[in-house]
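I have placed the structure first, in the form of structure tokens, so that the comments after it can refer back to it.
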Amino acid sequence: MYTQELNTFITVAELGSFSAASRKLYISKSAIMQQINLLEKKIDCILFDRNSHGVYLTEAGKIFLIQARKIQHLFIETNKIMQNYKNTIIVGAGYLSTTNFLEDYWNKFSKNQSFKLQFKEIQDYENISSDIDLIETIYASQPIPKQNFLFKKVSTSPLLIGVPPRNRLATKENISMPDLNNQTILLIKKNIFSKTSEIETYLTKHCKNIKIQTYAIYNRATVNEALINNKLILVPKSLSDFCRPFILKTVKWNFNVDVGFFYRTNANKLTHDFIDYISR
């Protein structure tokens, strides 16, 4: 069985130094030496020659290193296989996360089972941690899909217009297209959201002198920039809590965004079983 002592032995053998192994493994030099001594005692063999210049593998140590590396490789490969059968789904949570469906679906799916959800913060959607299995969010063609995620649509969310509190439209109950004349509105980039071109065409056709700007990432910085500069911003209703203090207004149009789950293609079996359950 692969143990901490085996890992320590391999590290010392590769670095040729107790001190170097100590720095790499973040444990004290005395703890390193104690583990090696214990390992040698267990197998009744001297694995290292120690002198003032360093530590060197004995003949027995060289043979043991070959076998230890085989055990290490077998342990790593076995661990990868067993990850597929773990009872936990790691859910990524960040500024694009919604909470519309996960709880309801999960409670029904995991009823009377020992399944667990573990949440992990997503700070950068361009570099999502490799251990994240599932993300509940709106659909965008970038940057999540390029990181080996597929999307399962659950519903749609209407697109609303976020109005800064000091904007002249803030007091209007409903917004019509002429109300958007001479306004500046932020839309997500076309290569990320496929409907941006259609929305842009619609706005320029029905509004006079409307200024359209685009952004790449929907985050707090984007929201603050629009707020400070008195710009409108297109907001999925499912992300409305993130847009405060913007005042969200409904518009008479039929533009929506898909809402659902991104799931990693190589996620564990439980994640795929959960997605299959949603698909029924």
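The values are calculated or read from the model by the stated rules, or taken from the named source; none is laboratory data. Owing to the predicted nature of the structure, the values given are computational and were not obtained by experimental measurement. Positions of Cβ are backbone-derived with ideal geometry, glycine not excepted, and every protein chain shown enters the neighbour counts.
Here are some notes:
- Scanning the range 261-280 for residues that are closer than 20 Å to ASN127 by Cβ and small (Gly, Ala, Ser) gives a single hit, ALA267.
- Yes/no for THR222 being in the same structural domain as LYS249 (by TED's automatic domain parsing), more than 30 Å from ASN268 (Cβ to Cβ), exposed (fewer than 15 other Cβ atoms within 10 Å of the Cβ) and of a type in the set (Val, Ile, Thr): no
- Some residue of the range 173-191 being of a type in the set (Ser, Thr, Tyr) and either free of Cβ contacts under 8 Å to residues at least 40 places away in the same chain or under 19 Å from TYR139 (Cα atoms) (or both): no
- GLU5 assigned to a helix (DSSP H, G or I) and touching a strand residue (DSSP E or B) at 6+ places or on another chain (Cβ under 9 Å): no
- Candidates in the range 251-267 are the residues that are in contact with a Lys or Arg (Cβ under 9 Å, 6 or more places away or on another chain) and not polar (S, T, N, Q); of these, the one that is surrounded by the fewest Cβ atoms within 10 Å (Cβ to Cβ) is PHE255.
- Just one of the listed residues (ILE212, ILE228) is surrounded by fewer than 14 Cβ atoms within 10 Å (Cβ to Cβ), at pLDDT 90 or above and assigned by TED's automatic domain parsing to the domain that holds ILE185, namely ILE228.
- Residue that is surrounded by the fewest Cβ atoms within 10 Å (Cβ to Cβ) [pool: residues in the range 94-113 that are under 29 Å from ILE192 (Cα atoms) and modelled with pLDDT of 85 or more]: ASP104
- Count of the range 148-177 residues which are at pLDDT 90 or above and over 20 Å from TYR202 (Cβ atoms): 14
- Options LEU248, LEU270, LEU239: the member that is surrounded by 14 or more Cβ atoms within 10 Å (Cβ to Cβ) and closer than 19 Å to SER130 by Cα: LEU270
- Of all residues in the range 16-45, those being on the phi > 0 side of the Ramachandran plot and surrounded by 13 or more Cβ atoms within 10 Å (Cβ to Cβ) number 1.
- Condition broken by SER141, with the remaining ones in (1) in a strand (DSSP E or B); (2) touching a Phe, Trp or Tyr at 6+ places or on another chain (Cβ under 8 Å) satisfied: (1)
- Filtering LEU234, LEU180 for residues that are surrounded by 15 or more Cβ atoms within 10 Å (Cβ to Cβ) and at pLDDT 90 or above leaves a single hit, LEU180.
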